[in-house]
Amino acid sequence: MTTITTNKWSWDNLIKNVLCLTHPDKSWTPYMTWTQRFFTQVLTYGEMPKHVAFIMDGSYGEKNFISAQERYAKGFDKLVETLQWCLHLDIKEVTVYAFSLHNSKRTQEEIDALFEEVKTFLEEKDTLNELGVCINFFGNIKKLPDDLVKLFAKSMLITKQNNKISLNIAFSYTGHDELTNAFNQISHGIKNNDLEGSDLSVEILDSCMYTYPSPPPDLLIRTSGETRLSDFMLWQCSYSYIYFTSVLWPELTAWDFMIAIFMYQRNVRAFIRYKLPTKRLSLRAEKFVENVQQNRLNSLYTIA
């Protein structure tokens with residue numbers, strides 16, 4: 001992975017163009033291309049998603065005949081660039097589906113190359129701190145080598161104070177595994193008398209997910225032309241807007257990203273977003289949820 005330094009010039013110029021439209025009396029109004037006009041329309045059209053998720057694909061290397069290491073390096077470079085786009089658009093949270101439990105069926109060479117690039121990305125502390133990125137990890141740590149779990153835990157601690165944008169890395173993760181784990185947590189809670197039948201609710205299930213307390217994504221972008229969710233956030237994406245694009249992940253451009261956001265904005269305008277009524281947890285259930293989250297963190301930091 002190559003280090004990408006923050007470059008605000010193009011985005012600053014874009015914001016300047018927005019000001020040109022809102023303040024046409026200014027003499028410095030520059031000539032705007034069609035692309036700039038579209039970007040400006042998106043910035044002024046409607047609300048921005050606060051949480052954007054990406055399902056990254058691994059087919060780029062196969063279609064471009066490059067090594068697994070080079071493919072993953074390009075993928076993480078694109079992730080840094082995407083975080084910069086989100087910062088300029090005031091998007092507060094990004095989730096990336098980087099490694100599915102099903103990916104363990106890949107060759108050991110591919111898995112090792114991916115793990116090495118993840119380590120390289122997490123070790124770019126200066127870049128992450130400069131961007132104000134807070135790292136979070138979602139997934140089943142039992143399926144990962146200890147040195148990688150230690151690095152995830154260390155990165156979470158080091159970036160904990162950063163508050164510009166949260167980056168959730170779904171690694172060693174599938175929606176089915178997440179739901180199974182949540183059911184097991186609740187089952188053990190009832191068995192140990194930490195919960196009662198009357199405590200069972202949607203909110204309890206939400207709270208036992210790997211992704212808790214992160215909110216569901218407003219916009220989920222699936223690259224590579226695939227039109228399936230690939231066992232990602234099966235519970236959380238019920239009311240998310242899902243955008244499918246044929247563009248491969250490392251080739252995703254600001255233009256592609258802005259089109260996805262524009263389609264999300266149109267959807268928000270056209271439909272009233274439905275939310276299930278929430279139920280207040282009992283004090284017993286609140287204590288149970290607190291223990292579940294603390295145990296999850298303890299298991300992560302104990303290895304570290």
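The values are calculated or read from the model by the stated rules, or taken from the named source; none is laboratory data. From a predicted model like this one, the values you see are computed outputs, not experimental measurements. Cβ: placed from backbone, ideal geometry, glycine included. Neighbour counts: every protein chain shown. Remember, those area values only see protein heavy atoms, side chains included, never the ligands or the DNA or RNA. Shrake-Rupley method; radii C 1.70, N 1.55, O 1.52, S 1.80 Å.
Just a few scattered comments:
- Glu286 vs. criteria modelled with pLDDT of 80 or more and open to solvent by 90 Å² or more (accessible area, probe 1.4 Å): no
- Scanning segment 52-66 turns up at least one residue that is acidic (Asp, Glu), open to solvent by 10 Å² or more (accessible area, probe 1.4 Å), modelled with pLDDT under 75 and under 21 Å from the mean Cα position of the chain (by Cα).
- Within the span defined as segment 68-86, every residue fails to be outside any helix (DSSP H, G or I) and at pLDDT below 80.
- Positions within segment 170-205 being charged (D, E, K, R) and without any contact (Cβ under 8 Å) to a residue 12 or more places away in the chain, in sequence order: Lys191
- Taking (1) open to solvent by 70 Å² or more (accessible area, probe 1.4 Å); (2) closer than 21 Å to His102 by Cβ; (3) not acidic (Asp, Glu) in turn, Pro217 satisfies each apart from (1).
- Residue tally, condition open to solvent by less than 20 Å² (accessible area, probe 1.4 Å) and in a strand (DSSP E or B), over segment 222-254: 1
- Residue in segment 268-281 that is modelled with pLDDT under 85, over 19 Å from Val96 (Cβ atoms) and surrounded by 13 or more Cβ atoms within 10 Å (Cβ to Cβ) present: yes
- Flag for Asp146 being over 14 Å from the mean Cα position of the chain (by Cα) and without any contact (Cβ under 8 Å) to a residue 40 or more places away in the chain: no
- Looking only at residues in segment 157-205 that are under 26 Å from the mean Cα position of the chain (by Cα) and acidic (Asp, Glu), the one that is modelled with the lowest pLDDT is Glu203.
- Every residue from segment 255-265 that is touching a residue at least 60 places away in the same chain (Cβ under 8 Å) and open to solvent by 10 Å² or more (accessible area, probe 1.4 Å): Trp255, Phe262
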